Structure formats: C-alpha cells, structure tokens
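The values are calculated or read from the model by the stated rules, or taken from the named source; none is laboratory data. Since this is a predicted model, take the numbers as computed values, not measurements. Cβ placement follows ideal geometry from the backbone for every residue including glycine, while neighbour counts extend to all protein chains displayed.
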Amino acid sequence: MVVVHVVVSVSWLALMFCLLTLATTALATNDADTLRTAYRAMGMLGDALIIPLSLLTLVSGVVLALGTLWGLFRYYWVSTKFWLTLAATVASIFALTARLHDAVDAVARHPVGPISAMDLGFIRYNMVIVPAVALLLYLANVILSVFKPWGRRSTARSAGGQ
C-alpha cells in the first residue's frame, strides 16, 4: 500500500507540474495554435488522470493511516494531510476539471484565428492559478510527510478518533 500511495501521490504532483507548464506556455504565447494545443493537452490529461489519481491518493492514504500506528487522527500532521488531500481531491475533481473544460470549450469554439478573437477572458489566468494552488497543497503534504511536525494529539481525542 505504501508503494501505491507514493506512486499515485507523485503522479498527481507530476500531473500538476505538467498542467502548470502547459498553462504557463498558453499564457505566455502569442501563437493561437500553441495555446489551442496546450489547452487540448491539458483537457486530455485532466480527463484521463485527475479523478483516478486524486481518489487513489486519498483512499491509499486513509488505508495507510488506519493500517499503521500513525492513525488518521492521532497525529496533527497526519490529520492535516488528510484534510488537505480531501480538499485537493474535491477541488481537483470539481473546480480544476471544470476550468479545464472551460478552456477546451473556448478553443473548440474558435478553431482558427488569433488569440484575441477567442474571447478567453480570465481563462488564461485561471489555467495557471488553479494548478499552481493545487501544486502548493501537494507540496505542503510532501513537507508534512517528510518532517512530521507538531507531534501527537492528546490521547483523549485520539482514542475515539480511529
């Protein structure tokens, strides 16, 4: 289970790096075909990977927590990782995929022509902001996993917490 959790967690982190790279490329370019290609690639990656990677990361983390002495609510760092992962999973499945679909739909409506004709509005910035925020959440989880700060919660609360 540790191997599954590490592989899917690192894959989720790598997916955000890929999405952020494509989004930054789309934001920085003046070439409409580059922008269209970047958004289409982001849509394909998101549709194929966001739901399985986020859910597998969440489920494997919960299984690991419950199956080890760390517990799910015995240590502050584990609890914090759980809540961050739950929030990131919900945000990825609903907010990020919706933003990806907005971008893909916008470029599909304008298969030719310059970027200025696409009427993208805030989409170009959203496509950078959303994966950047997600990446920060995942990096926070990595830091928590490595440094394990804050120690153990009081035994009165943790006894009923698992």
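Worth a mention:
- Within region 117-134, at least one residue is touching a residue at least 24 places away in the same chain (Cβ under 8 Å), more than 21 Å from Asp31 (Cα to Cα) and of a type outside the set (A, V, I, L, M, F, W, C).
- With respect to (1) free of Cβ contacts under 8 Å to residues at least 40 places away in the same chain; (2) loosely packed, with under 15 Cβ neighbours inside 10 Å; (3) farther than 24 Å from Arg36 by Cβ, the lone exception for Trp150 is condition (1).
- Test: residue in region 125-135 that is within 17 Å of the chain's Cα centre (by Cα), over 22 Å from Leu86 (Cβ atoms), at pLDDT 90 or above and surrounded by fewer than 13 Cβ atoms within 10 Å (Cβ to Cβ): yes
- Candidate set: region 97-116, residues that are touching a residue at least 40 places away in the same chain (Cβ under 8 Å) and part of a helix (DSSP H, G or I); chosen: the one farthest from Trp12 (Cα to Cα): Ile115
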